[in-house]
Amino acid sequence: MSSNTTENAKHSAEHPDGDGAGATDEDKKDDRMFECNICLDTARDAVVSMCGHLFCWPCLHQWLETRPNRQVCPVCKAAISKEKVIPLYGRGSTKQEDPREKVPPRPAGQRTEPEPGSTFPGFGFGGDNGFHMSFGIGAFPFGFFTSTFNFGDARPSPAPRGTQQHMEEQFLSKLFLWLAVLFIAWLILA
Amino acid sequence: MANIAAQRIRREFKEVIKSEEVAKCAIKVELLNDSYTELKGEITGPPDTAYEGGTFVLEIKVPETYPFNPPKVRFITKIWHPNISSVTGAICLDILKDQWAAAMTLRTVLLSLQALLSAAEPDDPQDAVVAKQFKENIEMFQMTARHWTNVYAGGPHVNKECDDKIKRLVDMGVEEHQARVALSSYNWDIERATEQLFS
Ligand SMILES: [Zn+2]
Ligand SMILES: [Zn+2]
């Protein structure tokens with residue numbers, strides 16, 4: 001009995017008899033077609049998933065970020081990914097830029113794909129590596145320069161200016177300096 | 001970003017009020033504060049179940065990260081069900097945990113809870129004692145659930161036998177709810193319940 005009345009109600013809602021109230025309902029229904037399935041507002045920077053569900057890109061992006069290990073459609077739970085959503089460009093939008101570029105993607109260096117099984121150790125290892133590399137490059141020539149310039153200090157007393165020994169020392173320190181520069185250049189180019 | 005939660009609850013709230021289920025008095029939501037973070041839910045026991053005729057009140061807490069994370073829901077009304085704690089009202093339901101999806105709403109949560117009352121999952125229990133009774137003695141479970149619905153949720157089925165046994169324990173100085181829990185847990189065996197209460 002009760003299901004019958006519900007059916008009738010639905011039927012009459014789908015076919016409004018043309019009066020003002022019916023038309024407004026129909027309009028509202030049309031508006032709701034373009035609501036984001038997450039914030040329930042009209043979708044801004046709209047994207048659509050392969051399963052056909054509409055979202056604001058910022059909303060969908062946050063959902064994907066919330067559950068990085070379980071990327072499913074918030075509506076039908078089909079598998080989805082950032083790469084497989086389609087941006088929608090309406091006539092009203094002036095700039096046809098891909099909304100996916102608006103939310104900054106995570107920095108490339110930190111986006112190493114997790115190895116199956118363990119997410120965090122892989123990430124941490126990659127980060128450490130980068131740190132050691134830059135530290136090595138920064139610190140090494142500094143030590144080199146220091147030892148070059150301190151070359152004379154190791155001796156009891158520097159040779160007086162103009163003597164043969166002084167010339168030799170100047171030459172040696174310049175040589176070391178050039179070697180250091182070449183070494184850095186090699187490090188950078190290699 | 002924090003007020004996306006409040007904005008969404010505001011929208012959902014309007015939607016739930018207008019929904020078919022509210023018109024049929026099957027579900028109800030009420031705001032408890034202006035910041036849209038605490039709500040009171042209500043579901044009626046589904047027909048043809050031990051919960052029929054009862055009204056069950058739920059506590060709904062909306063996290064700041066809603067709808068990216070599920071609302072926190074528990075039963076305020078005491079209920080005898082394998083997936084709901086008879087002590088705390090905590091609920092074991094996948095969509096309130098890892099199966100949550102951002103497109104779900106308060107309405108779908110309440111309807112899912114109503115569906116849980118129709119179809120318990122004793123293999124994924126929240127209350128081990130209730131689940132054991134459900135699996136080993138379904139008639140005993142039905143009777144107990146119906147009695148709890150009558151006492152705590154306003155259900156229509158008065159069970160004189162249960163009431164009498166509870167009264168006997170109350171006369172011995174046991175608190176009424178405690179007596180009901182003990183009897184329910186021991187399949188209404190008054191001797192075993194007494195033994196447990198006075199040991
Ligand atoms: Zn949105
Ligand atoms: Zn979908």
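Read-outs: derived from the displayed coordinates by stated rules, not from any lab. Computed from a prediction, not measured in an experiment: that's the story for all the values here. Here the Cβ is made from the backbone with ideal geometry for all residues, glycine too, and neighbour counts use every protein chain on show.
The mean number of Cβ atoms from other chains found within 10 Å of a Cβ in peptide A:37-45 is 4, as a whole number.
In sequence order, the stretch A:54-59 has phi-based couplings of 9, 9, 6, 4, x, 5 Hz under the Karplus curve 6.51 cos²θ - 1.76 cosθ + 1.60, θ = phi - 60°, and Gly or Pro positions carry x. Gain on full extension, evaluated as 0.36 nm per residue between residue B:132 and residue B:32 minus their Cα-Cα distance, stands at 32.4 nm.
Distant-in-sequence amide contacts of residue B:74, defined by a placed amide H-H separation under 5 Å and a gap of 5 or more residues or a different chain, comprise B:59.
In the elastic network of chain B, a GNM with C-alpha springs shorter than 10 Å, the most mobile of B:78, B:28, B:97 is B:97. The mean number of Cβ atoms from other chains found within 10 Å of a Cβ in peptide B:98-106 is 6, as a whole number. Given points 7 Å out from each Cα along the Cα-Cβ axis, report the residue B:52 to residue A:174 separation in nanometres with one decimal. Computed distance between label sites residue B:52 and residue A:174 equals 10.6 nm.
Could you pull out which residues in the stretch B:63-103 have an amide N less than 17 Å from a spot 7 Å beyond the Cα of residue B:177, following the Cα-Cβ vector? Output list for this probe position: B:74-81, B:84-91. Spin-label pair residue B:87-residue B:15: with each label point 7 Å from Cα along the Cα-Cβ axis, the two points sit 3.7 nm from one another. Diagonalising the gyration tensor over the Cα atoms of the stretch B:128-198 and scaling each eigenvalue by 5 before taking the square root yields semi-axes of 18, 16, 9 Å, largest first. Distance between the pseudo-spin-label points of residue A:78 and residue B:23 (7 Å out from Cα toward the beta carbon): 3.1 nm. Here the relative contact order of the stretch B:3-118, from alpha carbon pairs under 8 Å that lie six or more residues apart, stands at 21 percent. Beyond 17 Å, the tail of the calculated P(r) for the stretch B:1-73 holds 47 percent of the Cα pairs. One quarter of the convex hull surface built on the alpha carbon atoms of chain B amounts to 12.1 nm², the projected area averaged over directions.
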